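A.B. asks: First, the structure itself, so that you have it in front of you.
The values are calculated or read from the model by the stated rules, or taken from the named source; none is laboratory data. Remember, it's a predicted structure, so these values are computed and weren't measured experimentally. We place every Cβ from the backbone using ideal geometry, glycine too, and count neighbours over all the protein chains shown. Side chains included, ligands, DNA and RNA excluded: accessible areas come from the protein's heavy atoms. Shrake-Rupley method; radii C 1.70, N 1.55, O 1.52, S 1.80 Å.
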Amino acid sequence: MATLCFQSPSKPISYFHPKSKPSPPLPTKVSLFRCRASVQTIVAVEPEPVFTSVKTFAPATVANLGPGFDFLGCAVDGLGDHVTLRVDPSVRAGEVLISEITGTTTKLSTNPLRNCAGIAAIATMKMLGIRSVGLSLDLHKGLPLGSGLGSSAASAAAAAVAVNEIFGRKLGKGELVLAGLESEAKVSGYHADNIAPAIMGGFVLIRSYEPLDLKPLRFPEDKELFFVLVSPEFEAPTKKMRAALPTEIPMVHHVWNSSQAAALVAAVLEGDAAMLGKALSSDKVVEPTRAPLIPGMEAVKKAALEAGAFGCTISGAGPTAVAVVDAAEKGEEIGERMVEAFMRGGNLKAVACVKKLDKIGARLVSSISR
């Protein structure tokens, strides 16, 4: 869980993980000193709602991108979760009620303290200092659980943005990422490579966690980039997949992965899809330990590369495989080969889609004014 400290008006707020040293990424808005192991109010005066209801969307994300484990991620267009949030007089002031969950799964808890959307909504309300209004929340899941597409982050991002919008957009995107991290820390670990791009859009580099320091990476507008996402009927819980990671790595693999991650960042900034794919495919630390846990993954990667993909790796913790191309038509052909490989190599049914980069991130879809 993140720790959030507030200092005097002349000093900045410091966000840091337990056991870390505070540092100042955001300007302060309050005049008190307080430090606890949870987010705290950072808006001096409790805002009133400007809408009675809002609907938000947050996109799916591809985390790690091969060698960028826990510090690189991007958002993909057209897939994600929706949240509808309402001012509800029947809900106790300062609290959130999850009234309905629909979509790809309905087995999630409606307890807001055990639900990604609920945790992020509560954290955002705390930041805003909401004590006089109760909210009810509907979550529509467009992403399956354990898919490797940032399902928990999409729910958290949509909820955090919804709360912020309904009270007049008082918080910046960096602060919303911190609210989302409250959720991620409780569900899958303190890592921002899903929640940051889900909220901010595009590619995001997490330069530091202690304190949180985010660097958006802009892919050139005049360059084409497509992701082939192939999801098998197999669940890969993040906690299980993280448990499989090595606790030590050889220096030669550290050097190799560092150079590939640097090449990946350069490829994003230059709009070089071919180099991006090559770097994405070159992880020697995480992918080798996780691929054997996903039936058919090695065959799927081979099939993607043989069919002309620039690169292929595991999306997040898996089991979704992601390949990189520069044309949608080529991506559809590669997706077919990858689906066949999942069945042939892992006896798993799979579905494929080709998506562009989502450059916007979580956003307001509709609203009803007071």
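A.B. asks: Compute the separation of the alpha-carbon centres of the stretch 206-248 and the stretch 296-370 and state it in Å as a whole number.
C.D. replies: Here the two parts' Cα centres lie 13 Å apart.
A.B. asks: Calculate how many DSSP beta bridges within the chain are antiparallel, expressed in % of all such bridges and rounded to the nearest 5.
C.D. replies: Antiparallel bridges make up about 90 percent of those DSSP assigns within the chain.
A.B. asks: Next question, about the same structure. For the stretch 131-147, just list the computed ³J(HN,Hα) in residue order, Karplus coefficients 6.51, -1.76 and 1.60, θ = phi - 60°, integers in Hz, with x standing in for Gly and Pro.
C.D. replies: Values, residue by residue: 10, 10, 10, x, 10, 10, 10, 10, 10, 10, 7, x, 10, x, 6, x, 9 Hz.
A.B. asks: Report, to the nearest 10°, how far helix 297-306 tilts away from the longest principal axis of the Cα atoms in the chain, using its own Cα long axis and a range of 0 to 90°.
C.D. replies: Approximately 70 degrees, to the nearest ten.
A.B. asks: At 222 nm, what helix-only mean residue ellipticity would the chain give, in deg cm²/dmol to the nearest 500, using -39500 (n - 2.57) for each DSSP H run of four or more?
C.D. replies: One gets -9500 deg cm²/dmol as the mean residue ellipticity at 222 nm.
A.B. asks: Could you tell me the distance between the Cα centroids of the stretch 127-200 and the stretch 95-109, to the nearest Å?
C.D. replies: 14 Å
A.B. asks: Would you calculate the separation in nanometres between label points at Ser90 and Ala243, each defined as 7 Å from the Cα along the Cα-to-beta-carbon direction?
C.D. replies: Spacing of the two 7 Å Cα→Cβ label points: 4.1 nm.
A.B. asks: Lys186: which lysines have alpha carbons under 26 Å from its alpha carbon, excluding same-chain residues fewer than 8 sequence positions away?
C.D. replies: Lys19, Lys21, Lys55, Lys107, Lys126, Lys141, Lys170, Lys173, Lys215, Lys239, Lys240
A.B. asks: Roughly how many Å² of Glu182 are accessible to a 1.4 Å probe, to the nearest 10?
C.D. replies: Accessible area of Glu182: about 10 Å².
A.B. asks: While we're on this one: How far, in degrees from 0 to 90, does helix 116-128 lean away from the longest principal axis of the Cα atoms of the chain, to the nearest 10?
C.D. replies: The angle comes out at about 40 degrees.
A.B. asks: If you don't mind, there's one more thing I want to ask. What distance in nm lies between label points placed 7 Å from Cα along the C-beta direction at Lys215 and Val255?
C.D. replies: So the two model labels end up 2.2 nm from each other.
A.B. asks: Here's another thing I want to ask about it. Please provide three numbers in whole Å: the alpha-carbon extents of the stretch 51-218 along the principal axes, with the largest listed first.
C.D. replies: 48, 32, 25
A.B. asks: With the other protein chains left in place, how much accessible area per residue, in square angstrom, belongs to the chain at a 1.4 angstrom probe?
C.D. replies: Per-residue value: 41 Å².
A.B. asks: Another question, then. Applying 1/(1 + (r/R0)^6) with R0 = 45 Å to the Cβ-Cβ distance of Arg370 and Asp77, what FRET efficiency is obtained, to the nearest 0.05?
C.D. replies: E(calc), rounded to 0.05, equals 0.90.
A.B. asks: In whole percent, what relative contact order does the stretch 226-356 give with Cα contacts below 8 Å and a gap of six or more residues?
C.D. replies: Here the relative contact order equals 39 percent.
A.B. asks: Hey, another quick one. Could you rank the peptides 260-269, 157-166, 347-356 by their average count of other C-beta atoms within 10 Å per residue, with the highest value first?
C.D. replies: In decreasing order of mean packing, 260-269, 157-166, 347-356 become 157-166, 260-269, 347-356.
A.B. asks: Please compute the net charge surrounding His254, taking Lys and Arg as +1 and Asp and Glu as -1 over other residues with Cβ under 11 Å from its Cβ.
C.D. replies: Neighbourhood net charge equals 0.
A.B. asks: Got a sec? What order do Cys312, Cys116 fall in by accessible area at 1.4 Å, biggest, i.e. largest, first?
C.D. replies: Ranked list, largest accessible area first: Cys116, Cys312.
A.B. asks: At a probe size of 1.4 Å, how large is the accessible area of Met343, to the nearest 10 Å²?
C.D. replies: Here the accessible area works out near 80 Å².
A.B. asks: At R0 = 35 Å, how high is the FRET efficiency between Leu293 and Leu97 if r is their beta carbon distance? Nearest 0.05 is fine.
C.D. replies: In this case the efficiency is close to 0.40.
A.B. asks: To continue, here is another question. Looking only at the stretch 163-180, which residues have a backbone nitrogen under 19 Å from a spot 7 Å from the Cα of Ala44 in the C-beta direction?
C.D. replies: From the stretch 163-180, the list is 168-172.
A.B. asks: In Å and on Cα atoms, what radius of gyration and Dmax does the chain show?
C.D. replies: Cα only, the chain: 20.3, 63 Å (Rg, Dmax).
A.B. asks: Accessible area of the chain with a 1.4 Å probe: how many percent of it is carbon plus sulfur?
C.D. replies: Ligands and nucleic acids excluded, carbon and sulfur give 54 percent.
A.B. asks: On C-alpha positions alone, give me the angle between the axis of helix 251-270 and the longest principal axis of the chain, in degrees, nearest 10.
C.D. replies: With rounding to tens, the tilt is 70 degrees.
A.B. asks: May I ask you to order 102-109, 243-250 by the average number of other C-beta atoms within 10 Å around their residues, highest value first?
C.D. replies: Those peptides, ordered most packed to least, come out 102-109, 243-250.
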